[in-house]
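The values are calculated or read from the model by the stated rules, or taken from the named source; none is laboratory data. As the structure is a prediction and not an experimental result, all values here were calculated from the model. A quick note on method: Cβ atoms are made from the backbone with ideal geometry, for glycine too, and the neighbour counts reach across all protein chains shown. Remember, those area values only see protein heavy atoms, side chains included, never the ligands or the DNA or RNA. Shrake-Rupley method; radii C 1.70, N 1.55, O 1.52, S 1.80 Å.
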Amino acid sequence: MKVKVLGFSGAEFPGFHPPGFLINGSLLLDAGTIGASLSENAQWKIRHIIITHAHLDHIKGIPFLADNIIIKNKGHNVTVIGIAPVLKTLKDNLLNNKVWPDFTVIPSPSNAVLKFVEIKTGETIRVSGYKVTAYRVNHAVPASGYVVEDKKGRRLLYTGDTGPTNTIWREACKTRIHRAIIEVSFPDKMEAMAIETGHLTPKLLRKEIEKMKIIPDEILITHPKPQHIRTIRNEIRRLRMPNIRLLRDSEVINI
Ligand SMILES: [Zn+2]
Ligand SMILES: [Zn+2]
């Protein structure tokens, strides 16, 4: 599995893009960044988008991608996968013909640019050769993390945004995880805000790792606030845990 990091930041600045992780060119985990990072041809290759939650920094690439597809009359559709409340929020508050056209019925309901598919937490579905399992996590809005397993049995865990949580560690870390992309948004001194908004700090992350039965081969940190990235990087180092580091924009992870 090849994962290209389109963005991994908890905010947007030049060089810092919101989360988007493209697996083998066609399966996108979160859609905070698409067009700001991918050429037109690369955008056409995206066929499935798995969304962790409906916060803007995880979905904002979708409306622009849909618009790009219709402009070029590509005639293909993209399947958006998420838990029911996430899909409902996208439909009610984004693709509502007010903020953006409803691309789930354009150009026609039977051949729309965007197709929505629900996944339930605890459920595993097959998505073009991958097994995708959703796990409830603990955020300010309904949210799920995912494990994506390829045909060779290589497993990627992605938390999306979460504060201290349990199910995903208990269920997903029963078996080997080859890479885990886990959020740390704030430095330790902002722990109160992290807890209140459903995020982690390096210190909170250490407690989460203690809940795992089998620790992933490598832990890659996503969603740091760029304004605090140096402090977060130093605090991650000070955990003195092997195989844990911050992601980098545009890097490609081989799993
Ligand atoms: Zn969020
Ligand atoms: Zn976020």
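Could you grab me the full set of residues in region 198-255 that are on the phi > 0 side of the Ramachandran plot and open to solvent by 20 Å² or more (accessible area, probe 1.4 Å)? It would help to see each step written out before you state the result.
To start, the set of residues in region 198-255 that are on the phi > 0 side of the Ramachandran plot comprises 198, 223, 240, 243, 250.
Selection gives Arg240, Asn243, Ser250.
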| message | For region 156-164, check the following and say yes or no: at least one residue is surrounded by fewer than 15 Cβ atoms within 10 Å (Cβ to Cβ), in contact with a helix residue (DSSP H, G or I) (Cβ under 8 Å, 6 or more places away or on another chain) and within 17 Å of Gly198 (Cβ to Cβ). | response | no
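Among the residues in region 131-144, are any in contact (Cβ under 8 Å) with a residue 24 or more places away in the chain, in contact with a Leu (Cβ under 8 Å, 6 or more places away or on another chain) and open to solvent by less than 20 Å² (accessible area, probe 1.4 Å)?
Going through region 131-144, the residues in contact (Cβ under 8 Å) with a residue 24 or more places away in the chain turn out to be 132-144.
Add one more test, that the residue is in contact with a Leu (Cβ under 8 Å, 6 or more places away or on another chain), and what stays is none.
Taking every residue of region 131-144 in turn, none turns out to be in contact (Cβ under 8 Å) with a residue 24 or more places away in the chain, in contact with a Leu (Cβ under 8 Å, 6 or more places away or on another chain) and open to solvent by less than 20 Å² (accessible area, probe 1.4 Å).
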| field | Residues (more than 10 Å from ligand 1 (Cβ to nearest atom), of a type in the set (Asp, Glu) and outside any strand (DSSP E or B)) located in region 137-164 | value | Asp150
| query | Restricting attention to region 168-182, and to residues there that are assigned to a strand (DSSP E or B) and in contact (Cβ under 8 Å) with a residue 60 or more places away in the chain, which single residue is farthest from ligand 2 (Cβ to nearest atom)? | reply | Arg179
| message | Cβ-Cβ under 6 Å, sequence separation 6+ or interchain: first residue in region 156-167 and among the small types (Gly, Ala, Ser), partner within 12 Å of ligand 2 (Cβ to nearest atom) and open to solvent by 10 Å² or more (accessible area, probe 1.4 Å). Which pairs? | response | Gly163/His199
| request: Could you tell me whether region 50-73 includes any residue that is modelled with pLDDT of 95 or more and in a strand (DSSP E or B)? | output: yes
| said: Of all residues being more than 16 Å from ligand 2 (Cβ to nearest atom) and open to solvent by less than 20 Å² (accessible area, probe 1.4 Å) in region 2-37, which is farthest from Phe186 (Cα to Cα)? Just the residue, please. | reply: Leu27
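Going through Thr79, Thr52 one at a time, which residue ends up being within 15 Å of ligand 2 (Cβ to nearest atom) and open to solvent by less than 30 Å² (accessible area, probe 1.4 Å)?
Working: Thr79 fails: within 15 Å of ligand 2 (Cβ to nearest atom).
Of Thr79, Thr52, the one residue that is within 15 Å of ligand 2 (Cβ to nearest atom) and open to solvent by less than 30 Å² (accessible area, probe 1.4 Å) is Thr52.
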| message | I need every pair where a residue in region 183-211 that is modelled with pLDDT under 95 has its Cβ under 9 Å from the Cβ of a residue that is open to solvent by 80 Å² or more (accessible area, probe 1.4 Å) and not basic (Lys, Arg), sequence separation at least 6 or different chains. | response | none
| field | Matching option when the condition is away from ligand 1 (no atom under 16 Å from the Cβ) and more than 17 Å from Asp102 (Cα to Cα), among Ile50, Ile46, Ile81 | value | Ile46
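Among the residues of region 111-125, is there at least one that is modelled with pLDDT under 95 and either more than 16 Å from ligand 2 (Cβ to nearest atom) or open to solvent by less than 50 Å² (accessible area, probe 1.4 Å) (or both)?
If we filter region 111-125 for residues that are modelled with pLDDT under 95, which is where we start, we get 111.
Within this subset, residues satisfying the condition of being either more than 16 Å from ligand 2 (Cβ to nearest atom) or open to solvent by less than 50 Å² (accessible area, probe 1.4 Å) (or both) are 111.
Checked against the condition, which is being modelled with pLDDT under 95 and either more than 16 Å from ligand 2 (Cβ to nearest atom) or open to solvent by less than 50 Å² (accessible area, probe 1.4 Å) (or both), region 111-125 yields at least one hit.
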| task | Report yes if Lys60 is charged (D, E, K, R), touching a residue at least 24 places away in the same chain (Cβ under 8 Å) and more than 16 Å from ligand 2 (Cβ to nearest atom), otherwise no. | result | no
| Pairs under 7 Å by beta carbon, first residue in a helix (DSSP H, G or I) in region 79-101, partner among the aromatic types (Phe, Trp, Tyr) and open to solvent by 20 Å² or more (accessible area, probe 1.4 Å), six or more apart or different chains? | Leu87/Phe116
